[in-house]
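See structure below.
The values are calculated or read from the model by the stated rules, or taken from the named source; none is laboratory data. These numbers come from a predicted model, not from an experiment. Cβ placement follows ideal geometry from the backbone for every residue including glycine, while neighbour counts extend to all protein chains displayed. These accessible areas exclude ligands, DNA and RNA; they are computed on the full protein's heavy atoms, side chains included. Shrake-Rupley method; radii C 1.70, N 1.55, O 1.52, S 1.80 Å.
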Amino acid sequence: MKKIILSSLLIFSFGAYILHVRILSSNAPIALTQKNTKPKIDLSIPKYDQIVTNPIAQIIKPTPTPPPPVINTGKYKNGTYTGDSVDASYGNVQVKVVISGGKIADVQFLDHPRGGNSTRINNYAMPYLISEAIALQDSNVDTVSGASYTSEAYRQSLTSALAQA
Amino acid sequence: MRQEQIIMGTPVIIEINDKEARQEFFDEVFDYFKYVDEKFSTYKDTSEITAINKKEIAKDTMSDDMKKVFELSEQTKKLTGGYFDIVTPDGSYDPSGLVKGWSIFNASEILKNHGVKNFTVEAGGDIQTSGKNENGNVWCIGIQNPFSQKKEIIKKIYVSDEGIATSGNYVRGNHIYNPKDKNDIIEDISSLTVIGPNIFEADRFATSAYAMGKEGIYFIEKLDGFEAYMIDKNGIATMTTNFNNYTKQ
């Protein structure tokens, strides 16, 4: 439970940090997204390719390119919008959406049952990972991975926030 | 050419884009999945896994495929620090968290052995890709919106020869639990999609990392050759460092 709270706080504080950086540097791309090397930590296990019996295909990944500058091409107006507080079965959910470049840049939680600001975050051991609010895309794909269930409260609050944007 | 059958209680879809594709290839792969289902389904009274759970078959007299699955399960348990375990809370064996990816991998090998180069094999949202799609482009796979029952895509990834597996508590109920705390129902994470060198690897690590809750994404981050996209119950996605290499066509 403690780890979950710590992880949640880490992710949310990172979101806040991104927002902070954006405010300071307006349209400049976020520096963290330009990092394209992935420091690998050795697991305390036998080396991966020595113990696996299946042949493993060599992946040749494309060279990462820096993110393009933010241009307002999306369907929303830039700004910050607050959604309704919606009763989820475990408490209220209320989101604040940050629109940048016409697209959802961040979703912050104003009212959250798992909130708690008395815990200090010790995140030095964790790598920083990028977070984003999920956003629907067109369904022009070859096939789909995953399946679903519904979190109605989140959807309601996000919808009401985006209705203002 | 794309064909679909319901096997193992889930849609199994095969798409082959090579000109040399023959109906026998599809039939052979579907027959293989039926064989796997007959052997490994815990829902079938006649399956070998059911006989093992009823103690009608001793572990040392198991079939070679069953031995292999047990061996791979044990190996996965070690690789994941115990977050993967085919022993269920009631003490029986349920290897389905490994068998789906393993069987998709083997089905793909059947096609490759026939010289097929451009195909996908998928079962229940877990996919092995090879080569190109029918338009000659790399495969475009959509990640399903975990908050919707309808087909809704929240991310597109572009892959050629990879495995893509998504774990989550959806459709079939809470089918993943934390083996280290069997009363702990994973609810903070809505879905975790893993891209790996093949579907066997992607599936077993997606299942294991999902059971780790919010720590799971960091486990995948440390695995060389794997990327992941984790969606929490609030609709916030967290991705591994090089995940975005797969989001560009």
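Please enumerate the residues belonging to region B:127-152 that are crowded, with 21+ Cβ neighbours inside 10 Å and at the interface with chain A (Cβ under 7 Å from one of its Cβ atoms).
B:127, B:139, B:141, B:142, B:143, B:144, B:145, B:146, B:147 - these are the residues of region B:127-152 that are crowded, with 21+ Cβ neighbours inside 10 Å and at the interface with chain A (Cβ under 7 Å from one of its Cβ atoms).
Tally the residues that are of a type in the set (Ser, Thr, Tyr) and either in contact with a Cys (Cβ under 8 Å, 6 or more places away or on another chain) or free of Cβ contacts under 8 Å to residues at least 60 places away in the same chain (or both), restricting the search to region B:64-84.
Of the residues in region B:64-84, 1 are of a type in the set (Ser, Thr, Tyr) and either in contact with a Cys (Cβ under 8 Å, 6 or more places away or on another chain) or free of Cβ contacts under 8 Å to residues at least 60 places away in the same chain (or both).
Name, by its number, the condition in (1) out of contact with any helix residue (DSSP H, G or I) (no Cβ under 6 Å at 6 or more places or on another chain); (2) within 9 Å of another protein chain (Cβ to nearest Cβ); (3) over 19 Å from residue B:154 (Cβ atoms) that does not hold for residue B:190.
(3)
With B:99, B:121, B:116 as the choices, which residue is in contact (Cβ under 8 Å) with a residue 12 or more places away in the chain, within 25 Å of residue B:35 (Cα to Cα) and assigned to a loop (DSSP other than H, G, I, E, B)?
Every option except B:116 fails the conditions.
Can you report the number of residues in region B:176-203 which are assigned to a loop (DSSP other than H, G, I, E, B) and either modelled with pLDDT under 95 or charged (D, E, K, R) (or both)?
Count: 11.
Pull up region A:110-145, narrow it to residues that are assigned to a strand (DSSP E or B) and more than 9 Å from every other protein chain (Cβ to nearest Cβ), then point me to the one that is modelled with the highest pLDDT.
A:110
A quick yes/no check of all residues on (1) within 25 Å of residue B:26 (Cα to Cα); (2) not hydroxyl-bearing (Ser, Thr, Tyr):
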{"site": "B:66", "(1), (2)": "yes, yes"}
{"site": "B:71", "(1), (2)": "no, yes"}
{"site": "B:78", "(1), (2)": "no, yes"}
{"site": "B:82", "(1), (2)": "no, yes"}
{"site": "B:92", "(1), (2)": "no, no"}
{"site": "B:102", "(1), (2)": "yes, yes"}
{"site": "B:112", "(1), (2)": "yes, yes"}
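So, in region B:63-92, of the ones that are open to solvent by less than 30 Å² (accessible area, probe 1.4 Å), among the polar types (S, T, N, Q) and not in a loop (DSSP other than H, G, I, E, B), which residue ends up nearest to the other protein chains (Cβ to nearest Cβ)?
Only one residue fits best here, namely B:76.
Please determine, by comparing only the residues of region B:47-60 that are surrounded by 11 or more Cβ atoms within 10 Å (Cβ to Cβ) and without any contact (Cβ under 8 Å) to a residue 12 or more places away in the chain, which one is nearest to residue B:106 (Cα to Cα).
Per the stated criteria, the residue is B:47.
For region B:204-244, what are the residues that are facing another protein chain (nearest Cβ under 7 Å), surrounded by 20 or more Cβ atoms within 10 Å (Cβ to Cβ) and not in a loop (DSSP other than H, G, I, E, B)?
Listed by number, the residues that qualify are B:213, B:214, B:217, B:218, B:221, B:231, B:236, B:237, B:238, B:239.
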